[in-house]
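**Student:** Submitted below is the structure of interest, expressed as structure tokens.
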Amino acid sequence: MVKANKAIRVGLIGSGAIAQVSHLPALSRIPEARVTAICDRDVAKAKRVASRYNVPRVTDTFEELVAMEEVDAVDICLPNHLHAPASIAALQAGKHVLCERPFSRGTKEAEQMVAAAREQGLVLMSGFNNRFREDTVVLKRFVEEGELGKIFHAKTGWLMQAATWSGEGWKKKKRYAGGGVLVDLGIQVLDTALWVLGMPAVESVVASAHPLPVKDEMESTASAYLRLATGTTLTLEVSWGLLMDRDFAYLNLFGEGGAALLNPLRLHKEMHDSLVNVTPNLASPKNAYKQSYELEIRHFLKCVRTGERPDAPGEDALSLLRILEAIYQSALESREVRLG
């Protein structure tokens, strides 16, 4: 834990797009945080970013950064294949960790990360920023309070235009990314849906993918049908190749007493034999995406200071990766796969 009167000193590992667009601007707006070091193998880029944000130290290796005394916690914004080694090195060096999604390339790496955090008694949080969006939080509260009745079916997806997705080189290689669209987009929308539903266990999945992710092939489109322990069913569809004029992301919930849509938030419930729009007015600014990162990082820093368990713990990321692996297995073997 960090004393209440001291700023939490953060080391940023990776200074690419997600760090520059979301993490650093958010950190700069948080008075109780101070970025003391930036790591990137492209030192020239790291120096430019450090200069823009008045960060005193720059290095090209995460091993050097995690060894710095002036770093209390690290924020990892690296390519997927480096999430586990950087996180484990940081935890073993006594640093708390916020790691961007998809957390790791698979369950084996995630298990090692979670074990390292437990052994060291440190905070390990996964970067599921959608859990901190105001509209998602409101939707979760409606579900928890039974406002929509029992949720019997949910559907979620993210269909991205083929022209929109221009992933960096490492994202197109399985050994670096861990998988295709399921790892990139699927884990995000699946997390949001399951989190809103209270993180129920998944009992079984039936899935398909195109092209089939064999050898080094990466799926660009996938769909899955999940049966949850609560009796709820959930459908998932994701794609990098939508041939339409706009991206399409959604979460729909169907309950015995009402229904809900996300993006934008709409809530309707049955009241006195009538269907009533009960969508609340949200106080957030229009850019919920940027605000979600700031709220996520504020929560991480609070956990670092107090030692409390984060709302997006590494264990949740591990559970989601187990589900993704079952989805891959189902797609490859053309059969239902049961979990647990």
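**Student:** Quick one: which of Ala326, Ala283 is hydrophobic (A, V, I, L, M, F, W, C) and modelled with pLDDT of 95 or more?
**Tutor:** After ruling out the rest, the residue left standing is Ala326.
**Student:** Spot the failing condition for Thr279; the list is (1) surrounded by 12 or more Cβ atoms within 10 Å (Cβ to Cβ); (2) part of a strand (DSSP E or B), and only one is missed.
**Tutor:** Every listed condition holds for Thr279 apart from (2).
**Student:** Then there's this: What's the total number of residues in the range 228-276 that are among the polar types (S, T, N, Q), farther than 30 Å from Met218 by Cα and either in contact with a Pro (Cβ under 7 Å, 6 or more places away or on another chain) or modelled with pLDDT of 95 or more (or both)?
**Tutor:** The qualifying residues number 1.
**Student:** For the range 87-107, how many residues are open to solvent by less than 30 Å² (accessible area, probe 1.4 Å) and within 18 Å of the chain's Cα centre (by Cα)?
**Tutor:** The total comes to 11.
**Student:** Would you call Leu251 touching a helix residue (DSSP H, G or I) at 6+ places or on another chain (Cβ under 8 Å) and either at negative phi or of a type in the set (D, E, K, R) (or both)?
**Tutor:** yes
**Student:** Let me ask something else about it. Which one of these is touching a residue at least 40 places away in the same chain (Cβ under 8 Å) and under 24 Å from Glu336 (Cα atoms): Ala249, Ala222, Ala260?
**Tutor:** Being touching a residue at least 40 places away in the same chain (Cβ under 8 Å) and under 24 Å from Glu336 (Cα atoms) holds for just one of Ala249, Ala222, Ala260, which is Ala222.
**Student:** Could you count how many residues in the range 263-294 are of a type in the set (Asp, Glu) and either free of Cβ contacts under 8 Å to residues at least 40 places away in the same chain or over 19 Å from Arg133 (Cα atoms) (or both)?
**Tutor:** The number of residues fulfilling the criteria is 2.
**Student:** Now for a different question. What are the residue pairs meeting all of these: first residue in the range 173-194, first residue among the basic types (Lys, Arg), second residue open to solvent by 10 Å² or more (accessible area, probe 1.4 Å), Cβ atoms under 6 Å, and 6 or more apart or on different chains?
**Tutor:** Final answer for the pair search is Lys174/Asp216; Lys174/Met218.
**Student:** Give me the pairs, please: first residue somewhere in the range 139-154 and in a strand (DSSP E or B), second residue anywhere and hydrophobic (A, V, I, L, M, F, W, C), beta-carbon distance under 6 Å, and either six or more positions apart or on two chains.
**Tutor:** Ile151/Leu253; His153/Phe254; Ala154/Ala193; Ala154/Leu234; Ala154/Leu253
**Student:** Still on this structure: Quick check, is Ala19 open to solvent by 50 Å² or more (accessible area, probe 1.4 Å) and under 23 Å from Gly314 (Cα atoms)?
**Tutor:** The answer is no for Ala19.
**Student:** Could you identify the single residue in Arg41, Arg9, Arg34 that is over 20 Å from Ile297 (Cα atoms) and not in a helix (DSSP H, G or I)?
**Tutor:** Values: Arg9 fails: over 20 Å from Ile297 (Cα atoms); Arg34 fails: over 20 Å from Ile297 (Cα atoms).
Selected residue: Arg41, the only one of Arg41, Arg9, Arg34 that is over 20 Å from Ile297 (Cα atoms) and not in a helix (DSSP H, G or I).
**Student:** Out of Val55, Val74, report the one residue that is in contact with a helix residue (DSSP H, G or I) (Cβ under 8 Å, 6 or more places away or on another chain), open to solvent by less than 50 Å² (accessible area, probe 1.4 Å), part of a loop (DSSP other than H, G, I, E, B) and among the β-branched types (Val, Ile, Thr).
**Tutor:** Working: Val74 fails: part of a loop (DSSP other than H, G, I, E, B).
On inspection, the qualifying residue turns out to be Val55.
**Student:** Consider only pairs whose beta carbons are under 6 Å apart and that are at least six residues apart or on different chains; among these, list those whose first residue lies in the range 295-308 and is open to solvent by less than 70 Å² (accessible area, probe 1.4 Å) and whose second residue is small (Gly, Ala, Ser).
**Tutor:** Ile297/Ala26; Leu301/Ala33; Val304/Ala73
**Student:** Assess whether Ser223 counts as being closer than 25 Å to Pro102 by Cβ, surrounded by 17 or more Cβ atoms within 10 Å (Cβ to Cβ) and of a type outside the set (D, E, K, R).
**Tutor:** Yes.
**Student:** Next question, about the same structure. Starting from the range 108-128, take each residue that is open to solvent by less than 10 Å² (accessible area, probe 1.4 Å) and list its partners that are part of a helix (DSSP H, G or I) and polar (S, T, N, Q), counting only C-beta distances under 6 angstrom and pairs at least six apart or across chains.
**Tutor:** Met113/Ser87
**Student:** Continuing with the same structure: Answer with yes or no whether Asp42 is touching a Ser or Thr at 6+ places or on another chain (Cβ under 8 Å) and open to solvent by 50 Å² or more (accessible area, probe 1.4 Å).
**Tutor:** So Asp42 fits the description; yes.
**Student:** Would a scan of the range 309-331 turn up a residue that is assigned to a strand (DSSP E or B) and in contact (Cβ under 8 Å) with a residue 60 or more places away in the chain? Give the steps one after another, and end with the answer.
**Tutor:** Looking only at the range 309-331, we keep the residues that are assigned to a strand (DSSP E or B), and these are 313.
Then drop every residue that is not in contact (Cβ under 8 Å) with a residue 60 or more places away in the chain, which leaves 313.
Yes, the conditions are met somewhere in the range 309-331.
**Student:** Does Leu332 satisfy the condition of being touching a helix residue (DSSP H, G or I) at 6+ places or on another chain (Cβ under 7 Å) and either over 30 Å from Gly94 (Cα atoms) or open to solvent by 60 Å² or more (accessible area, probe 1.4 Å) (or both)?
**Tutor:** So Leu332 fails the test.
**Student:** Whether any residue in the range 248-263 is farther than 30 Å from Ala162 by Cα, open to solvent by 10 Å² or more (accessible area, probe 1.4 Å), in a helix (DSSP H, G or I) and of a type outside the set (Gly, Ala, Ser) is what I want to check.
**Tutor:** No, the conditions are met nowhere in the range 248-263.
The values are calculated or read from the model by the stated rules, or taken from the named source; none is laboratory data. This is a predicted model, so every value here is computed, not measured. A quick note on method: Cβ atoms are made from the backbone with ideal geometry, for glycine too, and the neighbour counts reach across all protein chains shown. Please note that ligands, DNA and RNA were not included when accessible areas were found on the heavy atoms of the full protein model with its side chains. Shrake-Rupley method; radii C 1.70, N 1.55, O 1.52, S 1.80 Å.
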